[in-house]
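Let me give you the structure first, and then I'll get to my questions.
The values are calculated or read from the model by the stated rules, or taken from the named source; none is laboratory data. Nothing here was measured: the structure is a model prediction, and the numbers come from that model. A quick note on method: Cβ atoms are made from the backbone with ideal geometry, for glycine too, and the neighbour counts reach across all protein chains shown.
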Amino acid sequence: MLIQANIAAPSTLLDFPTRERFIEELRAKHYDVVGISGIIVNVGKVREMCRLVRQHSPTSTIVVVGHVSAIPGLERMLDADHIVKGEGIQWFRAFLGEPVDAPIDIHEGEKVDAGAFKALVRAAVAQNGPPAKKRETLRCNSELRRAARRP
């Protein structure tokens, strides 16, 4: 949901579709890209979804994102064109030729994956360099008085 909200390309989101609903969607429309996200325990479902895309929409590019992409050797377990390890919004923007440095929208009331958000912040820090050197500051008058009394 967060990726869909942060790319300009038209997209359709199927949230936990049944197998039948997924096949119906693949047959009804031609998608240039099919993104599949999952958690590690659902690797079998992700593998089956990749197989179904190849069967029902063979010209679509398959991109796997999410926690499942952290599985070592995942590229040998399923048939995907791209496996995104790390932050997915920036990857999709680059892949689609969109500005990668655009702000990321998080809509009010939207559930945010804490792990993904932390990874996003870490990626931003890594891209922007280390934080500025901390300066010692006095925060209030009582601290100022205590500091003045020190020998």
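Would you mention how many residues in the range 19-43 are free of Cβ contacts under 8 Å to residues at least 12 places away in the same chain and touching a helix residue (DSSP H, G or I) at 6+ places or on another chain (Cβ under 9 Å)?
Adding up the residues that qualify gives 1.
Still on this structure: If only one of Ser37, Ser60 is over 23 Å from Ala123 (Cα atoms) and in contact with a His (Cβ under 9 Å, 6 or more places away or on another chain), which one is it?
Ser60
Oh, and also: I want to confirm something. Restricting to the range 76-126 and keeping residues that are modelled with pLDDT of 85 or more, of a type in the set (A, V, I, L, M, F, W, C) and assigned to a helix (DSSP H, G or I), which single residue is surrounded by the fewest Cβ atoms within 10 Å (Cβ to Cβ)?
Step by step, filter the range 76-126, then rank; the result is Ala94.
Just give me the residues in the range 58-75 being surrounded by fewer than 19 Cβ atoms within 10 Å (Cβ to Cβ), small (Gly, Ala, Ser) and touching a residue at least 12 places away in the same chain (Cβ under 8 Å), in sequence order.
Ser60, Ala70
Another one. Glu25 passes all but one of (1) surrounded by 10 or more Cβ atoms within 10 Å (Cβ to Cβ); (2) under 17 Å from Gly88 (Cβ atoms); which number fails?
With (1) surrounded by 10 or more Cβ atoms within 10 Å (Cβ to Cβ); (2) under 17 Å from Gly88 (Cβ atoms) applied to Glu25, the lone miss is (2).
May I pose another question? Which of the residues belonging to the range 52-75 are at pLDDT below 95, in a helix (DSSP H, G or I) and in contact with a helix residue (DSSP H, G or I) (Cβ under 6 Å, 6 or more places away or on another chain)?
His67, Val68
Same structure, new question: So in the range 1-51, with the set limited to residues that are part of a loop (DSSP other than H, G, I, E, B) and of a type in the set (A, V, I, L, M), which one is modelled with the highest pLDDT?
The extreme case among them is Ile39.
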